[in-house]
Amino acid sequence: LLAARWRDSDLQFATDVADAMLENFEDSANGAFFFTSNDHENLVQRAKPLTDDSLPSGNGIAVQALIALGSLTGEARYLEAAERSLRASMEQVDGWPSAHATLVRGMLDHLNPVQRVIIRCNEVTEAAAWREAALKQLTSRDRCYVIAADAKPPGKLGAMSVAAGSTVTAYVCCGDDVSAPLTSIDSLRDHLKN
């Protein structure tokens, strides 16, 4: 949703959900996530399903979401929890990879981080051509975020601002690497091409 339309409240909602997931469902001792919360009534067995069935694995979706959110915000807790989940599931994934496609996709996101183009702008309408130029060169796994200058994202996102003398500035991120500010569409295209 944030890639389609940035709202600080949506980012806050995503981090609130991630924090609740870590607090209430994570098996912090062994990695991965339980199907029931910590405050659930006592059960004979507290399931931690890893395989895909008629729906994708909840653990696989959790891994993908934590990697996406952690990469975007720079929040190490999310990335570390995703890595713990992947480590906890590797024996099962190794034994039957086709039954764990969602976790395999999470492993792909972990090992080969997606590119994220962050476009900061004074007015969202000014960035439409920039977004279009970026999307033409990005893969389906990559993401492009258009964030108005008056938005207040936390951490490293907040530090990425519109450069002085410019109305739009782009940053290309992959893993922990962040490009220098790109202040023209041509510089963005060149950076993505290379």
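The values are calculated or read from the model by the stated rules, or taken from the named source; none is laboratory data. In this text, all values refer to a predicted model and were calculated from it rather than measured experimentally. Here the Cβ is made from the backbone with ideal geometry for all residues, glycine too, and neighbour counts use every protein chain on show. Side chains are part of the model used for accessible areas, which takes the heavy atoms of the whole protein and leaves out ligands, DNA and RNA. Shrake-Rupley method; radii C 1.70, N 1.55, O 1.52, S 1.80 Å.
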| query | Residue check, R116 against (1) assigned to a strand (DSSP E or B); (2) touching a residue at least 60 places away in the same chain (Cβ under 8 Å); (3) not small (G, A, S), all met but one. Which one? | reply | (2)
| field | Filtered residues of the stretch 141-175 (kept if open to solvent by 30 Å² or more (accessible area, probe 1.4 Å), of a type outside the set (K, R) and either in contact with a Gly (Cβ under 6 Å, 6 or more places away or on another chain) or without any contact (Cβ under 8 Å) to a residue 24 or more places away in the chain (or both)) | value | D150, G155, G158, A159, A164, G165
| task | Could you please find all residues in the stretch 94-108 being open to solvent by 60 Å² or more (accessible area, probe 1.4 Å), within 22 Å of G175 (Cβ to Cβ) and hydrophobic (A, V, I, L, M, F, W, C)? | result | V104, L108
| message | I'm trying to understand the selection: among the residues of the stretch 113-129, which are open to solvent by 20 Å² or more (accessible area, probe 1.4 Å) and not polar (S, T, N, Q)? | response | P113, V114, E123, V124, E126, A128, A129
| note | Filtering the stretch 78-93 down to residues that are modelled with pLDDT under 95, open to solvent by 50 Å² or more (accessible area, probe 1.4 Å) and touching a helix residue (DSSP H, G or I) at 6+ places or on another chain (Cβ under 9 Å) yields M90, Q92
| task | Output the residue which, of all residues in the stretch 4-31 that are at pLDDT 95 or above and of a type in the set (G, A, S), is surrounded by the most Cβ atoms within 10 Å (Cβ to Cβ). | result | A18
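Going by the conditions given, is T125 out of contact with any strand residue (DSSP E or B) (no Cβ under 9 Å at 6 or more places or on another chain), at pLDDT below 95 and more than 30 Å from M107 (Cα to Cα)? Spell out how you get there, then give the answer.
Details: out of contact with any strand residue (DSSP E or B) (no Cβ under 9 Å at 6 or more places or on another chain): yes; at pLDDT below 95: yes; more than 30 Å from M107 (Cα to Cα): yes.
Yes; evaluated as a whole, the condition is true for this residue.
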| Conditions (1) in contact (Cβ under 8 Å) with a residue 24 or more places away in the chain; (2) over 16 Å from the mean Cα position of the chain (by Cα); (3) closer than 15 Å to W6 by Cα; number of the one not met by I185 | (3)
| query | For the stretch 21-48, what are the residues that are without any contact (Cβ under 8 Å) to a residue 40 or more places away in the chain and not in a loop (DSSP other than H, G, I, E, B)? | reply | E23, N24, F25
| message | Anything in the stretch 49-79 that is at negative phi, in contact (Cβ under 8 Å) with a residue 24 or more places away in the chain and not in a helix (DSSP H, G or I)? List them, or say none. | response | L50, T51, D52, P56, S57, E75
